[in-house]
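The values are calculated or read from the model by the stated rules, or taken from the named source; none is laboratory data. Keep in mind the model is a prediction, meaning the values are calculated, not measured. All Cβ positions, even for glycine, are placed from backbone atoms using ideal geometry, and neighbour counts span all protein chains on display. Heads up: the accessible areas ignore ligands, DNA and RNA and are worked out on the full protein's heavy atoms, side chains in. Shrake-Rupley method; radii C 1.70, N 1.55, O 1.52, S 1.80 Å.
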Amino acid sequence: MSINPKPPTIKAIEIHEFLSLMLPPREMILEPWLPSQGIAMIYAARGIGKTFISMFIAYAVACGEKFMNWTAPNPRGVLYLDGEMPAKVLQERQANIALSCDKEPSAPFILITPDLQEMGMIDLSRKEDQEALEPFLEDISLIVVDNLSTLCRTGRENEGESWLPVQEWALRQRSSGRTVLFVHHAGKSGQQRGASRREDVMDTVISLKRPADYTPDKGATFEVHFEKARGLMGDETKPFEATLTTTKEGNFEWITKSLEESTAEKVASLLNDGVLQHEIAEMLGLAKGTISKAKKKALAQGLIQ
C-alpha cells in the first residue's frame, strides 16, 4: 500500500502580527546595490569584462574594501564558483587583484574551479549538486556564480522551466541569509541570454556595454548600466564608464566617471578635431539633443578650444 507524502507545511501570519515582528535590518554587502539576502545579476557580451568585475567584487567583499563606486562596509565570507576559466589563469588574475588592493581577505574566501574537480564541475540545476555544495556554505554571505551557462547546464537556456530549479536554490540561499550574484552572457539582442523570467526574483540587474566609440586598444572599458535596481534611486542608478588600467608598479586600477562626464569629454575631443555635431551623433550612437547637452557641459568646463 502506497503512503501519500504529507503536504508541505504552510505558515501564514495576520497583518498586525506581521507588522509587529522584530525583523533584523537588511544590511548591505556592497553599497549601494548588493544587499544581504539578495539575488543579483551582472551580464555582458563576451570579452567585455564581466568576470573581471565579478572577481573584484568578490575580493572587495571578503576584504571589506572599496571597489569602483561601491563599498563593502564589512568583510564577509565569499564562495566563488568559476565555471570555465583555467585554474592557472584564475590564479594569475586573483594574484593581480590581491596585489592591487590595500587589504587582504579577513573573511573566508573560497574558490571552486573546474580544473581541480575529479568528477567534473557541479551543475546547479541538479538537486544532488546543490546538496554537494552545502558543506562549503558555512560562514558564507555571498555566492558568485560565474557563469550561468557553465554552472546551470540542465535543460534549455531559453526555456523558463529550466530556470526554476536554480531559482529555487537561490531563494533557499536567500532564506538562509546569503546573497547570490549570477554572472551571465548577453545574447545577440544585447539583453541577457535566455529566459527573461530570470530577472523576476532579482534585486539588481547590471549590464555592461561597450562604449559606441570603443576600439580594442582601450582594453577593459565598459559602461555600467542598472537595468533593475530595487531600493535604489537618484544618482545611485546613473550609468557610468569604467576603465581598467595598470599602474607603473604593474597593479590594476579602476578609473570611473559618470556617463555624462565621459560623453562631454568625447564630444569636446571630436569638436576640437573639427568633427561636426551631427557626425558626432552618428559616431557615438547618440541623439543630437544628447550631443548638444554634452557640448554645453564641455564648454562650461573649458574643454572646447
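Condition check ((1) touching a strand residue (DSSP E or B) at 6+ places or on another chain (Cβ under 7 Å); (2) open to solvent by 60 Å² or more (accessible area, probe 1.4 Å); (3) modelled with pLDDT of 85 or more) across all residues:
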site: 225; (1), (2), (3): yes, no, yes
site: 238; (1), (2), (3): yes, yes, yes
site: 241; (1), (2), (3): yes, no, yes
site: 244; (1), (2), (3): yes, no, yes
site: 253; (1), (2), (3): yes, yes, yes
site: 283; (1), (2), (3): no, yes, no
site: 298; (1), (2), (3): no, no, no
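Of the residues making up segment 172-190, those that are over 20 Å from residue 61 (Cβ atoms) and surrounded by 14 or more Cβ atoms within 10 Å (Cβ to Cβ) number 3. Scanning segment 172-198 for residues that are under 24 Å from residue 23 (Cα atoms) and among the hydrophobic types (A, V, I, L, M, F, W, C) yields 180, 181.
With respect to being more than 19 Å from the chain's Cα centre (by Cα) and under 25 Å from residue 26 (Cα atoms), residue 134 fits the description. Listed here are the helices (runs of 4 or more DSSP H) enclosed by segment 191-305 that have at least 1 residues being touching a Pro at 6+ places or on another chain (Cβ under 7 Å): 259-272.
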